[in-house]
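Structure first, commentary second.
Please treat every number below as a calculation from the coordinates, not as lab data. On a predicted model such as this, the values are computed, not experimentally measured, just so you know. Glycine also receives a Cβ, built like all others from the backbone with ideal geometry; neighbour counts cover every protein chain displayed.
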Amino acid sequence: MIFVTVGTQLPFDRLIRLVDLLAASHETDFVAQIGDGDYRPEHLNWRKFYDPDEIEEFFEKADVIVSHAGMGTIINCIRKQKPIIIFPRSCSYGEHRNDHQMDTVDGFSDVRGVYPAKNDEELTRLLLEYDRLECPNGLDCPERRSLCSYLLSLA
Amino acid sequence: MSKKILMVASPGGHFVQLSLLAEGLGCHDIIVASTYSIKPGFMPGSHYENIPDFNRDSFYKVFPALWACLRILRKYQPDLVVSTGAAPGLVMVVAAKIKGVRAVWVDSLANSKKLSLSGTLVKRLGGIVLSQWENVAQEEGVQYKGRVV
C-alpha cells in the first residue's frame, strides 16, 4: 500500500492529481489524505483528513509514503524506517508563499530512504520503482551524536 | 554535573530539528522557549517559556520579544543557549550576548547551499555558528560538528 499525504494546513491538488493518474495503472493500492483540495481522485481511497490514530496505522501499513515536503512527516518516516518520496510545494504554482519546501527537500538530499521528486517525471519514476526503494536507517546516527556531544562540551 | 540548557526555535521545521537535538542531549535540565502557546508534546524539556511572535513584517514587535528573552535568561541562568533558528532564536542569541551567556546557533538543515541571514548575523556578532553541511561550513568560515539527521 502507498500512503499519500498533503499535510493538514494547505491543499495540494497538483500532487493528488498526478498520483491519481499513476494509480490508475499501478499494481498496488493507494490511500490519500487530500486536505481541503478541490480535485476528487478516482483511483485512490481518500479522505480530506484522517484521525491521528488512522494516520499512524497507514504509516505502519504502508510500503512507501508520498508526501509534501513537511519536515514533521519526513522525520516521522525516518524514525519509522519507511521510504518516503517528497514532492515539494512550489511558489511558482501558487502553492506556497515561498520555496522553503524546495529548501527542505535539499536539506534531506543525501539521507538514505528519503527520495526527493522535484517534478512529475521524477515522481512517476520513483512510484514505478516503489518496491525497490530503500528504508531509512532510523533517527539515531553518528552525525547527530557528534553534534550533541559538541553542544554538551560547550555547556 | 547536570547542566541547564535553554533551547529556542520557531515553530515548524526549526522546532523539529531542535527536538532531535534535545533528544540527544540526555538528562540535562532542558528549558524550551518558542512562540507556541504551550510546549508541543513531542519536545523533551522540563520547562517551557513563550516568546511573543514577530517576523520581518512586524519588526517593531522585536522589542517585546527581546524583553521576554532577557527575562527568561534572568530567570533560568542557563549554562548554554542553543538555537536552530529562526527569528525568535536570533533574538535569544542577541539577548544571551547582552547577558554574557554562551550561545550556539545551529543553522537549519534546509540551508544546504549557504548560511541563513540570521546565521550570518550571529557570526558577525561573534557568536558560535554551526552549519549542518560541511561544504557550507567551509565556504562561510563556520564550523561543522554534525547534523540532526
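For this structure, a couple of remarks:
- On Cα atoms only, tilt of A:142-154 relative to the major axis of chain A in degrees: 50
- Mean per-residue shielding of peptide A:139-150 is 6, counting Cβ atoms of other chains within 10 Å of each Cβ.
- Sorted on the mean count of surrounding Cβ atoms within 10 Å across their residues, most packed first, peptides A:50-63, B:22-35 read B:22-35, A:50-63.
- For peptide A:98-111, the mean count of partner chain Cβ atoms within 10 Å of a residue's Cβ comes to 4.
- Three-way shape label, chain B, alpha-carbon gyration tensor, a/c 1.5: rounded
- Whole-number percent relative contact order across chain A, with pairs defined as alpha carbons under 8 Å at least 6 apart: 20
- Relative packing of B:123-133, A:88-98, which averages over residues the other C-beta atoms within 10 Å, highest first: B:123-133, A:88-98
- Of all DSSP beta bridges confined to region A:17-155, the antiparallel ones make up roughly 0%.
- Average Cα contact separation per residue, chain B, under 8 Å, 6 or more apart, as relative contact order %: 20
- Helix A:52-61 axis, angle to chain A major axis (alpha carbon atoms, nearest 10°): 90
- Region B:16-92 - percent relative contact order, Cα under 8 Å, separation 6 or more: 26
- Per-residue Cβ neighbour counts within 10 Å put A:ARG40, A:ARG112 in the sequence A:ARG40, A:ARG112, beginning with the fewest.
- The angle between the Cα long axis of helix A:13-23 and the main principal axis of chain A comes to about 70°, on a 0 to 90 degree scale.
- Total formal charge among the other residues, if their Cβ is under 10 angstrom from that of B:VAL149, Lys/Arg +1 and Asp/Glu -1: +1
- Shape call, region A:1-78: gyration tensor on alpha carbons, a/c limit 1.5: oblate
- When each of B:LYS3/B:LYS99; B:LYS61/B:LYS145; A:LYS80/A:LYS118; B:LYS39/B:LYS114; B:LYS61/B:LYS99 is checked by Cα-Cα distance, pairs over 28 Å: B:LYS61/B:LYS145; B:LYS39/B:LYS114
- Look at the stretch A:50-56: the mean tally of other chain Cβ atoms within 10 Å of its residues' Cβ atoms is 0.
- Under 11 Å, Cβ to Cβ, from B:VAL101 - net charge with Lys/Arg +1 and Asp/Glu -1: +4
- Compactness check for chain A: Cα Rg over 2.2 N^0.38 Å is 1.07.
- Going from the residue with the fewest nearby Cβ atoms within 10 Å to the one with the most, A:MET71, B:MET92, B:MET43 rank B:MET43, A:MET71, B:MET92.
- Cα gyration tensor shape for region A:83-143, rounded if a/c is under 1.5, else prolate or oblate: oblate
- Inter-part distance where region A:18-34 and region A:74-126 are each reduced to a Cα centre, Å: 18
- Over all other residues within a Cβ to Cβ distance under 10 Å of A:ILE16, the charged ones net out to 0, with Lys and Arg as +1 and Asp and Glu as -1.
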